[in-house]
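K.L.:
Below: one structure in structure tokens.
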Amino acid sequence: MQKTGDFPEKTEAERLNQQCSCVTLNRQAITRALADQLGDDAEEILTNPNWHQLFSNVAVFVPPQDLDQMRDIVQALEAAAALPAYQRQVLSWAPQSAQFSPGPVGAFMGYDFHLGKEGPHLIEINTNAGGAFLNAMLARAQLQCCGDATSAAGAGDFDAAVIAQFESEWLAQRGSGRPERIAIVDDQPGEQYLYPEFRLAQQSLRRQGIDAVILSPSDFHYGSGTLYGGGKRVDLVYNRLVDFGLEASEHAALRSAWLGGGAVITPNPHAHALFADKRNLAVLSDHETLSTWGLSPGNAELLRSGIPPTVQVNADNADVLWQQRRQWFFKPVAGHGSKGVYRGSKLTKNTYSRILESDYIAQAYVPPSERLVFVDGEREMLKVDVRLYTYRGDLFLAAARLYRGQTTNFRTPGGGFAPVLLMED
């Protein structure tokens, strides 16, 4: 293909994302897989309208070099997070519960990227990244599309990766053995949008010989150095709460178990403080400071090119950020699930005034890539972000989300989770 003007030629992946109309999702296969795994309990999920909005009909094509670069950025970031000076800085604004670290580093890390014209850019880090179990099942229910595309990572040995994470987290704190009982915990778990994956996680753990239960915080009590859930001892907590510091009164038993070492909790307040507090992005995008703290030149360059410039919003930069607002994306420091997030070009004065009264960061806006879908016979271009699920910096699953609007959601017709397929040029 020839170059036109100053625009680079499209990769084969970009061309397919803009033109390929293949329906790759075999909905019968994914429905059958859920029924096989959950038995009679699957009926409640399959009859819920939310089930049909979780998955897009299409796959997202990604050049292998982009996936490699995302992996390199993740490993550079984790190297930065291990620096003593970095840890001192980010723990200075973390809650008291995050100062404690008995060993676990956090299962199911999620790194979210936009694939911009200049390569992948990290948009957000999540320590309780949802969707991994659903995406593993989704990747196995795909029809062949567009030649030699191959699945990006992980679905084939996903169960092994899951149990390896939890055993590693256990050993990091306990030193030997393995957990006998794991509790998957969220507020009112049965009402959560991603409840289906709690059930899939439960079955995955049970297949590996570990008793797994789904509980809410009210099901716990802590006494004599032991955490109990539903009247039985809990060895490890797979934590899906968005109270990242376990500071709410209703989470007191979990907080006591965390601080007292009565249970292994993953992900945990310390992992969130090191990685997912949004203020940390201002530090991680400051490659010069990271270099003075001892980050290698190669890793510093990866973070310089791979993390958009980010600043904390305060009185000193408020006027400049308002004047340049079209260049920025505004996110609450303690936000989750895209709540309270604003693209600068959509901001009103009143909304910006509320931002200044709260704790926010401003991140340089990186437009997402797009994927063609057909909705009711009409062509639509939906926005794309790519999530890498990792453990200790190693990738075990890659997936995409398709959406319309300012942020990811599961309300867009034709949108939802989508598998990542690698496509060579």
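K.L.:
Go through (1) under 16 Å from the mean Cα position of the chain (by Cα); (2) in a helix (DSSP H, G or I); (3) among the hydroxyl-bearing types (S, T, Y) for S168 and report which single condition fails.
P.N.:
The single condition S168 does not satisfy is (1).
K.L.:
While we're looking at this one, here's another question. Considering only residues that are in contact (Cβ under 8 Å) with a residue 12 or more places away in the chain and either among the charged types (D, E, K, R) or surrounded by fewer than 21 Cβ atoms within 10 Å (Cβ to Cβ) (or both), which ones fall in the stretch 223-240?
P.N.:
Matches in the stretch 223-240: G225, T226, G230, K232, R233, D235, R240.
K.L.:
Exactly one condition in (1) farther than 20 Å from K278 by Cβ; (2) open to solvent by less than 10 Å² (accessible area, probe 1.4 Å) is not met by D376; state its number.
P.N.:
Among (1) farther than 20 Å from K278 by Cβ; (2) open to solvent by less than 10 Å² (accessible area, probe 1.4 Å), D376 violates only (2).
K.L.:
Which condition from (1) of a type in the set (K, R); (2) more than 30 Å from A172 (Cα to Cα); (3) open to solvent by 60 Å² or more (accessible area, probe 1.4 Å) is the one that R371 breaks?
P.N.:
(3)
K.L.:
Considering each residue of the stretch 203-221, count those that are under 22 Å from the mean Cα position of the chain (by Cα), among the polar types (S, T, N, Q) and over 15 Å from D41 (Cβ atoms), and give that number.
P.N.:
Adding up the residues that qualify gives 1.
K.L.:
If you take the residues of the stretch 317-329 that are under 20 Å from H121 (Cβ atoms) and not in a loop (DSSP other than H, G, I, E, B), which of them is most open to solvent (accessible area, probe 1.4 Å)?
P.N.:
Of everything passing the filter in the stretch 317-329, R326 is most open to solvent (accessible area, probe 1.4 Å).
K.L.:
Among the numbered criteria (1) among the hydrophobic types (A, V, I, L, M, F, W, C); (2) modelled with pLDDT of 95 or more; (3) open to solvent by 20 Å² or more (accessible area, probe 1.4 Å); (4) touching a Pro at 6+ places or on another chain (Cβ under 8 Å), which one does V105 miss?
P.N.:
Going through (1) among the hydrophobic types (A, V, I, L, M, F, W, C); (2) modelled with pLDDT of 95 or more; (3) open to solvent by 20 Å² or more (accessible area, probe 1.4 Å); (4) touching a Pro at 6+ places or on another chain (Cβ under 8 Å) one by one, V105 breaks only (4).
K.L.:
Tally the residues that are closer than 30 Å to G245 by Cβ and touching a residue at least 24 places away in the same chain (Cβ under 8 Å), restricting the search to the stretch 318-346.
P.N.:
The number of residues fulfilling the criteria is 16.
K.L.:
Among the residues of the stretch 184-209, write down those that are on the phi < 0 side of the Ramachandran plot, among the small types (G, A, S) and open to solvent by 10 Å² or more (accessible area, probe 1.4 Å).
P.N.:
Within the stretch 184-209, just G190 meets the criteria.
K.L.:
Now a separate question. Please note which helices (runs of 4 or more DSSP H) are completely contained in the stretch 174-285 and include at least 1 residues that are modelled with pLDDT under 95 and of a type outside the set (S, T, N, Q).
P.N.:
Result: 195-207.
This table checks each residue for (1) open to solvent by less than 50 Å² (accessible area, probe 1.4 Å); (2) closer than 17 Å to P120 by Cβ; (3) within 23 Å of the chain's Cα centre (by Cα).
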| site | (1), (2), (3) |
| --- | --- |
| Q18 | no, no, no |
| I30 | yes, no, yes |
| L38 | yes, no, no |
| E43 | no, no, no |
| F55 | yes, no, yes |
| R71 | no, yes, yes |
| A81 | yes, no, yes |
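The values are calculated or read from the model by the stated rules, or taken from the named source; none is laboratory data. Not measured: the values here are computed from a predicted model. Cβ coordinates were reconstructed from backbone atoms using ideal geometry, including for glycine residues, and neighbour counts include every protein chain displayed. What goes into the accessible areas is simple: the full protein's heavy atoms, side chains included, and nothing from ligands, DNA or RNA. Shrake-Rupley method; radii C 1.70, N 1.55, O 1.52, S 1.80 Å.
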